[in-house]
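Heads up, the thing below is written out as structure tokens.
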Amino acid sequence: ISIYGGEDYLAKQLNNATKAIYEPGSTMKPFALLAAVQQGMSLNTTFNGNSPRTYDGIAAPVQNFANMSYGYINMYSATANSVNTVYMELQQDLGTTAVAKTANQAGISAKRVTGKNPFTVLGNDGVHVSELAQAYATIANQGVKTTMHIVADVTDHNGKDMYQAQTQTERVFTAHDSALVTKAMQGTIQN
């Protein structure tokens, strides 16, 4: 409906929503979850949620927030509590490129999220806020990606159409897989 690019264009000529780069952090986890669901994994599958844990190819142990240990938990609980160690294990099973590919299909640029970062699932690659909004909208739209646009239409003072955004839609995920991920994501705010 709207976009907020920043406080004062005269002080900072950068649209924070479309041009600035931010690390998305745990907001990348649903793309790993979606990749796993696409491969047939049940969200009742359990993983080791203890902290800290070590992973292949990563020198330092990975910790959960406040170094909290959860024991063996399913993906609903891991998502609701944003458990880093579970998502790192899931990423090791899937591969970083599968996580990146799913994020790319949803709407995040393949230039920024490539799957080469061993912390792809933890959101250490910088992205635009608009890309993340696009990707989440794809999941919310039951797996249908719509061409992102900033201005939908322009009318003149008489109400005559002067511009209409050219939008297209593309099904990139099944409605079923998107619904499962959405259900798991809801645990984050319900709990």
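The values are calculated or read from the model by the stated rules, or taken from the named source; none is laboratory data. Since this is a predicted model, take the numbers as computed values, not measurements. Backbone-built Cβ (ideal geometry, glycine too); neighbour counts: all protein chains shown. Protein only, heavy atoms only, side chains kept; ligands, DNA and RNA dropped before computing areas. Shrake-Rupley method; radii C 1.70, N 1.55, O 1.52, S 1.80 Å.
Convert each backbone phi in the stretch 146-155 into a coupling constant with the Karplus relation 6.51 cos²θ - 1.76 cosθ + 1.60 (shift: θ = phi - 60°), then list the ³J(HN,Hα) values in order as whole Hz, x for Gly and Pro.
Listing the rounded values in order: 10, 4, 6, 8, 8, 10, 7, 7, 10, 10 Hz.
About its Cα centre, how strong a charge dipole does the chain have in debye, to the nearest 20, once Lys and Arg get +1 and Asp and Glu get -1 at the Cβ?
Dipole of the chain, to the nearest 20 debye: 240 debye.
Given Cβ point charges of +1 (Lys, Arg) and -1 (Asp, Glu) and nothing else, what value in debye, to the nearest 20, does the dipole of the stretch 1-109 about its Cα centre take?
Here the size comes out at about 100 debye.
Simple spin-label model, 7 Å along Cα-to-Cβ: Y72 to I189 in nm?
Taking the simple label geometry, Y72 and I189 are separated by 3.3 nm.
Relative to the present Cα-Cα distance, how much length would full extension add between F65 and I21 at 0.36 nm per residue of separation?
13.5 nm
Give me the percent of the accessible area of the stretch 89-175 that comes from carbon and sulfur atoms, probe 1.4 Å, all protein chains in place.
C and S atoms contribute 50 percent here.
With only Lys, Arg, Asp and Glu charged, each at its Cβ (+1 for the first two, -1 for the last two), find how big the charge dipole of the stretch 110-191 is about the Cα centre; round to the nearest 20 debye.
300
Which one of N15, G40, P30 has its Cα pushed farthest toward the positive end of the charge dipole of the stretch 6-61, where Lys and Arg give +1 and Asp and Glu give -1 at the Cβ?
In the stretch 6-61, that residue is G40.
If you plug each phi of the stretch 6-21 into the Karplus form 6.51 cos²θ - 1.76 cosθ + 1.60 with θ = phi - 60°, what whole-Hz ³J(HN,Hα) values come out, in order, with x for Gly and Pro?
Working through the residues one at a time gives x, 5, 9, 4, 5, 8, 8, 8, 9, 7, 5, 7, 10, 10, 6, 10 Hz.
Once each part is reduced to its C-alpha centroid, what is the distance from the stretch 129-191 to the stretch 1-60 in angstrom?
Comparing the Cα centres of the stretch 129-191 and the stretch 1-60, I get a distance of 17 Å.
With r defined as the distance between the Cβ atoms of Q13 and N124 and R0 fixed at 30 Å, what FRET efficiency is calculated, to the nearest 0.05?
Rounded to the nearest 0.05, the efficiency is 0.65.
Whole number in Å², please: accessible area per residue of the chain, 1.4 Å probe, ligands, DNA and RNA not counted.
Ligands and nucleic acids excluded, the figure is 57 Å² per residue.
Report the full-extension gain for the segment T97 to H149: residue separation times 0.36 nm, less the Cα-Cα distance, to one decimal in nm.
Working it through step by step, the gained length comes to 16.0 nm.
So what does I3 come to for accessible area, using a 1.4 Å probe and Å² rounded to 10?
About 80 Å², rounded to the nearest 10.
Only Cα pairs within less than 10 Å get springs; with that Gaussian network setup on the chain, which residue of M28, M68, M148 has the largest fluctuation?
Fluctuation is largest for M68.
Starting at the first residue of the stretch 45-59, write each ³J(HN,Hα) from the Karplus equation 6.51 cos²θ - 1.76 cosθ + 1.60 with θ = phi - 60°, in whole Hz, x for Gly and Pro.
Couplings: 4, 9, 9, 7, x, 6, 9, x, 9, 10, 9, 4, x, 10, 5 Hz.
Can you show me the helix-derived [θ] at 222 nm for the chain, built from DSSP H runs with n ≥ 4 at -39,500 (n - 2.57) apiece and divided by the number of residues, rounded to the nearest 500.
Rounded to the nearest 500, the figure is -10500 deg cm²/dmol.
Using 31 Å as the Cα-Cα cut-off, could you pick out the over-long pairs in K160/K183; K12/K101; K19/K116; K12/K160?
Over 31 Å apart, Cα to Cα: K160/K183; K12/K101; K12/K160.
Which one of T79, T120, T18 has the biggest mean-square fluctuation once the chain is modelled by GNM with Cα springs under 10 Å?
So, out of T79, T120, T18, the one fluctuating most is T18.
Sort Y136, Y163 from largest to smallest accessible area, using a 1.4 Å probe on the heavy atoms of the protein chains.
These residues rank, largest area first, as Y163, Y136.
Rounded to the nearest 0.05, what FRET efficiency is calculated for S2 and T167 with R0 set to 22 Å and r the Cβ-Cβ distance?
Computed FRET efficiency for S2 and T167: 0.80.
Under a 5 Å amide H to amide H cut-off, with H placed in plane at 1.01 Å, what residues pair with S51 once short-range neighbours are removed?
Counting only residues 5 or more places away or on other chains, the set is S69, Y70.
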